[in-house]
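Here is the structure we will look at.
Read-outs: derived from the displayed coordinates by stated rules, not from any lab. As the structure is a prediction and not an experimental result, all values here were calculated from the model.
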Amino acid sequence: MAFVDHAPAKVNLTLAVRRRRADGFHDLESLVVFARTGDEVRFAPGGAGYSLEARGRMSADAGPVGDNLILKAARLLAARVPWLPGGAFTLVKRLPVAAGLGGGSSDAAAALRVLARVAALGLDDRRLQDAASLTGSDVPVCLAGKARMMRGTGAELGPVLPLPRLPALLVNPGVAVPTPQVFAQLGLAPGLEGQADPAAALEQGEEGQPRAGRAGLLAVLQAARNDLQPPALALAPVIGTALRHLGDTDGCRLARMSGSGATVFGLYDTCRAAAAAAKAIKAREPGWWVKPTMLG
Ligand code: C5P
């Protein structure tokens, strides 16, 4: 019997770098949401150990399967859960790679969710959470798979007010930007405090808080930023071109980079406006990855 899970694209609506830590990592504050679009992970239990086959139009860019985070996550969990069966993973890769959409992290999180089902573990199981955070900084939020305020290096997750769904356009200009290079380019001196994320106001304190309205949410997002955008732009100026193309489309309410790039997103009031924007950008840049979707 095969098990299947969806691995949605992660989008950082905001990302504030608060400080550089002694271990070289950075403490962040980031409002993370997920798109409808994503990869797919399948698992067929059987045998000892884990194997992986990658398919799909983006699989050629995904690098050697031996380095894939799905296998890393599965092995980390198996080391903690002795009764976990081995088996064969298949990844259907649709998201661009090293793109700021957390594709590899979301694939690993989907693999962990599948293994949790197979081994009857709850999603809040400590062993699952540990395997997630040891696999990569973005894996814990991808394991949660829903809107969260992410803090620290990624393992601290806070609930956010119920957010309205946001019609969006994802645009990847075809350059892979390695995350460590973007943080290095940022060059934040140790001990220097970055500015807080205005989107932290959306964190849910008590039950029964009102839903964040659309206009209020957009105002908060417009006042916020992605601190990794300037260094990523310095490394890959084409990201600036992508942001300008989004800004030129009708009805674009916000254009910003996700994560460490190079994917940028535009927010729109309607799916129709996002689809029209996709057409306009495709006409200008036929080789780019352009995907209308819904964020939430
Ligand atoms: O954890 P992950 O493998 O995604 O991190 C990739 C690299 O990005 C790290 O080696 C580090 O250079 C940088 N990073 C960071 N601070 C974070 C997350 C990642 O400096 N919070």
**Complete:** HN-Hα couplings for region 234-250 via Karplus (6.51, -1.76, 1.60; θ = phi - 60°), in whole Hz with x for Gly/Pro, come out as 5, 7, 9, x, 4, 4, x, 4, 4, 5, 5, 4, 4, x, 7, 7, 5
**Request:** At 0.36 nm per residue, minus the direct Cα-Cα distance, what do residue 22 and residue 279 gain on full extension? Give it in nm, one decimal, please.
**Result:** 87.9 nm
**Message:** Under 10 °C and 1.306 mPa s, how fast does region 40-116 diffuse according to Stokes-Einstein, given a Kirkwood radius computed over C-alpha pairs? Answer in µm²/s, whole number.
**Reply:** 128 µm²/s
**Fill in**
Computed over region 169-231, the distribution of all Cα-Cα distances in 5 Å bins, rounded to whole %, is 3, 12, 16, 18, 16, 15, 12, 7, 1
**Three semi-axes of the equivalent ellipsoid, region 166-295, Cα gyration tensor, whole Å, largest first** = 25, 24, 10
**Prompt:** On a 0 to 90 degree scale, rounded to 10, what angle separates helix 214-223 from the longest Cα axis of the chain?
**Reply:** 80 degrees
**Request:** With runs of 4+ DSSP H residues as the only contributors, calculate the mean residue ellipticity of the chain at 222 nm using -39,500 (n - 2.57) per run, divided by the residue total and rounded to the nearest 500.
**Result:** -9000 deg cm²/dmol
**Complete:** Of all lysine pairs in the chain that are eight or more residues apart or on different chains, those with Cα atoms under 25 Å apart total 15
**For region 75-83, 3J(HN,Hα) per residue [Karplus equation, 6.51 cos²θ - 1.76 cosθ + 1.60, θ = phi - 60°, Hz, x = Gly/Pro]** = 5, 5, 6, 4, 5, 9, 10, x, 8
**Asked** Just the C-alpha atoms of the chain: what Rg/Rh do they give, with Rh taken as the Kirkwood radius?
**Response** 0.96
**Prompt:** For region 231-292, what number results from the quotient of the Cα radius of gyration and 2.2 N^0.38 Å?
**Reply:** 1.05
**Asked** Counting only residues 5 or more places away or on other chains, whose amide H sits under 5 Å from the amide H of residue 160 once H atoms are built in the peptide plane?
**Response** 149, 204
**Asked** How big is D for region 3-159, in µm² s⁻¹ as a whole number, if Stokes-Einstein is applied with the Kirkwood radius of its Cα pairs at 4 °C and 1.567 mPa s?
**Response** 83 µm²/s
**region 1-48 - Rg (one decimal) and Dmax (whole number), Cα, Å** = 17.1, 47
